[in-house]
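> Submitted below is the structure of interest, expressed as structure tokens.
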Amino acid sequence: MSGAGEFDGSAVPAASASAPSAGVGEGRWAEGPGAGDSVGRDDADGAPGAGQAARPLHDPDPYSTPPYGEPGPWAPAPPVQHPTGTPAHGVPGGVAPSVGDGSVGGVPAHGVPGGVAPSIGDGFAGGAPAHGVAGAASSVGGGHPPGTSAHGVAGGVAPSVGDGYATGTSAHGVAGGVAPSVGDGFAGGASAHGGEASASSPVVVAGAGAEGASADPWGRYDPWAAAAGAPLQRADPVPMDGRRRRRRARRAVVGGALLLALVSGGIGGIVGGYLERNGGIGTVELPQAGREDVRRDPDSVAGIAAQALPSVVTLHVSGAGAAGTGTGFVLDERGHILTNDHVVEPAGENGEITVTFHSGDTAEATVVGRDAGYDLAVVKVKGVRGLAPLPLGNSDNVRVGDPVVAIGAPFDLAGTVTAGIISARERPITAGGENGDGTDVSYVDALQTDAPINPGNSGGPLLDARGRVIGINSAIRSAGGAEDPDGGQAGSIGLGFAIPVNQGKRVAEELINTGRAAHPVIGITLDMAYSGDGARVAAEGHDGGPPVSTGGPGARAGIKAGDVITEVDGRRVHSGEELIVKTRAHRPGDRLELTLERGGEERKVSLVLGSSDGG
């Protein structure tokens, strides 16, 4: 194929070789017919003779004033014309030139041999024979590729873009249908000019040369006119490809999920708020363990408490201008109850004492005997049956660290159970002394415990691991320094004291049997103002008598005024109170071993304790 603007003339027949061709953009048309000359012509040879002068498009302007001078590209365009559909090529009187040409350069109508090869931009390749001649080879830019047959010959012509015929169409005038491109004189899918079995009649675009119309190229241009007879196209929606559909589907799914999440969150918040304000929906039933065996080991705190509580009572005492609450426990089936002396003291001689049992039953009680020096008292209830006495243990068997349980009515809370251990043994304490004469002072060689004891616990039992009584709760050391648990409202700080049960048993027996308790004595008067280490014998006795009782245990052992006693049974004593505590921890008739100092010398003496009742 030749390049653009060059044509291979070897394929042009001799009959048309002499036909000149005009260059692109040349100022005048070479040997082209005038306006309307090629329309309806029926010349024998189909072309003007050689050397025939070209007829100008318009008459010369006598004034030679542009644009009315010589014919050329400045010639004014004639009025816009609207040609109608023309018959197919090859039919007499019907010419439909392609865009950019008509049938210029003296080319006869389609289907007539002897056509002149038009220049570039024409619908026919340079040097190609006239339409209807086989073997025409059109160049680039032409309407027919090389090797295709001429118009009007079977074989199918595939014109290029810009030509009047679509690719793969048959030649003009032959059945097969031509599909000219936009700008050609024939609509897509039209059959060949003058051919048979056309798919549709060709449509002449405004400006295309047609029979009966001017061949002026300017007549083909009308920017405002619609194509005559051209069918309207429907604006169908652009088909959506699979990817776009998937993207849209994903967006729809995501949007729906977000909407569902928002709606679910809102509903959940509303329901949650309602449940929080109203405590849920329906009846609430909480999980709970089933019934189990309520029995406990006898040596556990629960087992000890279960066994001891029926024998522990609460005492409410009232008298002349005084009242108090304390605890006691049953000693025997006859109704004797042991408690502290300071618990029943407010009753005096004519006061009332009410005993409340663990079952809730109450009974009136009377005082059997009391002893301020030991801080112990026994009361008795009448008309009560089924009493269960608490078993008594042995305080000499107690060791530091042993577990203990305390039961009482602290602050009138009856049946309170606490637990702890033995913190110390033989702790010398004194309590009372409110009378001022010392007659109400108690001296106790006590058991110390950390089991919580509070006001109201006084007189209650201190039990060992087997539920046996080993002490009687009597005093506490509070932060303020008070020792009497009922003397104030101070609470426990873990320093509680109990009278050893061995001493309590002896005193209780004496109070029940005789109404009074005998105190063991040495028969000496002590100097309570002595600040040195030990207990010093005073220079004179009470009421001006001798400091060492004549014929008493001390006198028989050789003790004299001014002697300082430092040990009892090998245990160190640091004051007169401690010597009294150690002495009252024994029974009358018990033997004591004493260590004393006299004139800087240490001596040991042995004596048998006497009794305060003169025995």
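> Taking 41 Å as R0, compute the FRET efficiency from the Cβ-Cβ separation of Thr514 and Ala479 and round it to 0.05.
For Thr514 and Ala479, the calculated efficiency is 0.55.
> Give a quick list of trypsin sites (Lys or Arg not before Pro) in region 239-344 that DSSP marks as loop, anything other than H, G, I, E or B, with at most 12 other Cβ atoms within 10 Å.
Arg291, Arg295
> Using a simple spin-label model with points 7 Å from Cα along the Cα→Cβ vector, what separation in nm is obtained for Glu352 and Arg243?
Label at Glu352, label at Arg243, 10.5 nm between them.
> What distance in nm separates the two pseudo spin-label positions at Glu333 and Lys560, each 7 Å out from Cα along the beta-carbon direction?
6.0 nm
> Hey, with R₀ at 56 Å, roughly what FRET efficiency would Ile270 and Glu292 work out to, going by the Cβ-Cβ distance, to 0.05?
Efficiency, rounded to the nearest 0.05: 0.85.
> State which entries of Lys382/Lys582; Lys505/Lys604; Lys582/Lys604 exceed 28 angstrom in Cα-Cα distance in the structure shown.
Going by Cα-Cα distance, Lys382/Lys582; Lys505/Lys604 fall outside the 28 Å limit.
> Please compute the modelled spin-label separation between Ser611 and Ala388, points set 7 Å along Cα→Cβ, answer in nm with one decimal.
3.7 nm
> Given a Förster radius of 56 Å and the C-beta distance between Asp543 and Thr362 as r, what FRET efficiency does 1/(1 + (r/R0)^6) yield to the nearest 0.05?
Result of the calculation: an efficiency of 0.75.
Values in this text are rule-based calculations from the coordinates and carry no lab data. None of the values given here were measured: they were computed from a predicted structure. Backbone-built Cβ (ideal geometry, glycine too); neighbour counts: all protein chains shown.
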